[in-house]
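What follows is a single structure, written as structure tokens, with notes after it.
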Amino acid sequence: RQVEDLRELNEDVIYTCACGVGITWRITAGRAMQIPPVRDYVYPGLTASLSRLIQISGSDHFRIRLVTTKKAEVVLSWNARSRAVTVSDGGTTKYGTLNLDDGTYDVLGELEGLNELLEEANTSLVAAARRHGQETEYCSFCGLHLSDPESLEAGYGPICAAHYDLPWGHAAAI
């Protein structure tokens with residue numbers, strides 16, 4: 001109804017409205033057209049790291065938890081039916097999708113500090129995972145509580161380190 005109301009106001013003027021997260025409509029000359037999501041970001045390093053971890057996991061699904069500098073948790077999740085990684089709050093709020101084929105990121109919603117987090121993970125996903133574990137005391141990969149000092153230093157535990165072929169212990173501190 002909101003789009004119809006805008007269309008009735010003036011058919012010669014362009015109106016843009018956000019009708020839900022990530023959906024924008026442009027109304028001009030009585031016609032409504034959905035505007036595709038913004039594809040302004042490319043994260044080749046993050047894409048390569050995620051593709052490697054997904055391949056190593058050998059699973060048909062994958063999740064990694066990270067945290068923004070504003071302390072908001074972000075979950076990157078993937079399943080075998082998709083060539084994209086969903087970036088969300090771990091629940092119903094989706095912030096975007098990361099295409100594993102070309103590294104492009106489609107923005108679906110905003111979160112303060114998300115761009116900085118994705119840039120950090122693009123440079124080093126392990127460093128972003130380490131920061132999450134150190135700040136939350138939970139493993140970025142399995143979500144279990146970290147209590148061992150070496151696990152807290154690494155940001156994830158020895159089982160996840162072995163499973164994903166990640167540095168752990170003294171090697172993680174380097």
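Within region 41-88, being among the polar types (S, T, N, Q) and assigned to a helix (DSSP H, G or I) holds for Thr47, Ser49, Ser51, Gln55, Ser57. Restricting attention to region 118-127, the residues being open to solvent by 30 Å² or more (accessible area, probe 1.4 Å) and either of a type in the set (A, V, I, L, M) or more than 21 Å from Val87 (Cα to Cα) (or both) number 2.
If you scan region 128-173, which residues turn out to be charged (D, E, K, R) and open to solvent by 70 Å² or more (accessible area, probe 1.4 Å)? Within region 128-173, Glu135, Glu137, Glu150, Glu153, Asp165 qualify.
Restricted to region 89-174, the set of helices (runs of 4 or more DSSP H) holding at least 2 residues that are in contact (Cβ under 8 Å) with a residue 60 or more places away in the chain, charged (D, E, K, R) and out of contact with any Ser or Thr (no Cβ under 6 Å at 6 or more places or on another chain) comprises 125-136.
Could you tell me whether Tyr156 is touching a Lys or Arg at 6+ places or on another chain (Cβ under 8 Å) and closer than 14 Å to Arg65 by Cα? Let's see the steps before the verdict.
Values: touching a Lys or Arg at 6+ places or on another chain (Cβ under 8 Å): yes; closer than 14 Å to Arg65 by Cα: yes.
Considered against the rule, which asks whether it is touching a Lys or Arg at 6+ places or on another chain (Cβ under 8 Å) and closer than 14 Å to Arg65 by Cα, Tyr156 comes out as yes.
The values are calculated or read from the model by the stated rules, or taken from the named source; none is laboratory data. The model shown is predicted, which means the values in this text are computed figures rather than measured ones. With ideal geometry, Cβ positions are generated from the backbone for all residues, glycine too; neighbour counts draw on all protein chains shown. SASA here: full protein model, heavy atoms, side chains in, ligands and nucleic acids out. Shrake-Rupley method; radii C 1.70, N 1.55, O 1.52, S 1.80 Å.
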